[in-house]
Amino acid sequence: MVMMMKQLIFFLVLVTVGLLGTSLDDNVATADVFLTHKFGYILGHKLAANVWGHEKATQVKDPNHNVTKPSIFLVRNLLDAVVSGYLYHKAGKECTVRPNSNRHMRKPNGEVKNWFKHVETQNFTKDESHTHICKVLQHRTERDGVYLYAEFAWRLWYQPYEEFVCRQHEFPLMRVHFEDLVREQSNLTVTGIAKHFLARGEMLQTNGYHGAHATSRDVRLRQRVRALVEEADKHVLESALSQSKLQTCSVGLVS
């Protein structure tokens, strides 16, 4: 119990220092960084590698994933995450195009290949189940594609991640909002993370990253897809996306 209280005080100091804008001591860089699909993959990895000293962040798929130390959870508005993911996969990412570049990939990742295992309410053909999600989205109408993708993404990534974040853990946690990371930033950079949360002050290199992992910045397109995601959320997912507890649930310690 004493050890747990010490860890709690330690992490509260860490969070307070970061928010107040005072430089952090290198000795406090001991947190894990957790995220899920389209929650700032590049941001999370660069945060872990360049700021916290880890090689990469952890993409959580299991709601029972074990947390072994004070940690940062990246969270994002789920409606926006689905918009981003739909456009990302419709463009062929992780199916025929590599995630972090525009180079061709020979075979799709398992998740996008076995997408049909995570769809319960939307109809699909046998031929569709034998191809990857990117091709399915490319050949469907925008509305049908969004409805299918919204359910796929919720069941595969976002429902398990919500359960993971919102369950009680044994270590102090800090929830970081994706929207805050990129606020007033023209590019997704580690510098933005340092400025808004860690207040370290130094400029951190991004190794020539030019947004290959990002999705379309066409505002009208994103607004149109966002409206369809809201429809799908209401009619297919019973508002699970818009009423998600991900950004509001308690992330306290086990009592």
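A short reminder: the numbers here are calculations on the coordinates, not readings from a lab. In this text, all values refer to a predicted model and were calculated from it rather than measured experimentally. Note that we place each Cβ from the backbone using ideal geometry, even for glycine, and neighbour counts take in every protein chain shown.
Charged neighbours of Ile133, selected by a Cβ distance under 14 Å, balance to +3 (K, R count +1; D, E count -1).
Full extension of the segment from Ser239 to Lys117, taken as 0.36 nm per residue of separation minus the current Cα-Cα distance, would add 41.8 nm.
In this simple spin-label model, placing a label point 7 Å from the Cα along the Cα-to-Cβ direction at both Asn64 and Arg98 gives a separation of 3.7 nm. Peptides 237-244, 117-124 ranked from most to least packed give 237-244, 117-124, packing being the mean of other C-beta atoms within 10 angstrom over each peptide's residues. Between Arg143 and Gln168, the FRET efficiency estimated from the beta carbon spacing at R0 = 45 angstrom works out to 0.70.
For the range 34-167, averaging the sequence separation of C-alpha pairs within contact (under 8 Å, six or more residues apart) and dividing by the residue count gives a relative contact order of 28 percent.
Packing here is the average count of other Cβ atoms within 10 Å per residue, and on that basis the peptides 64-71, 227-234, highest first, run 227-234, 64-71. FRET efficiency for the Arg220 to Lys56 pair, using the beta carbon distance and R₀ = 45 Å, is estimated at 0.85.
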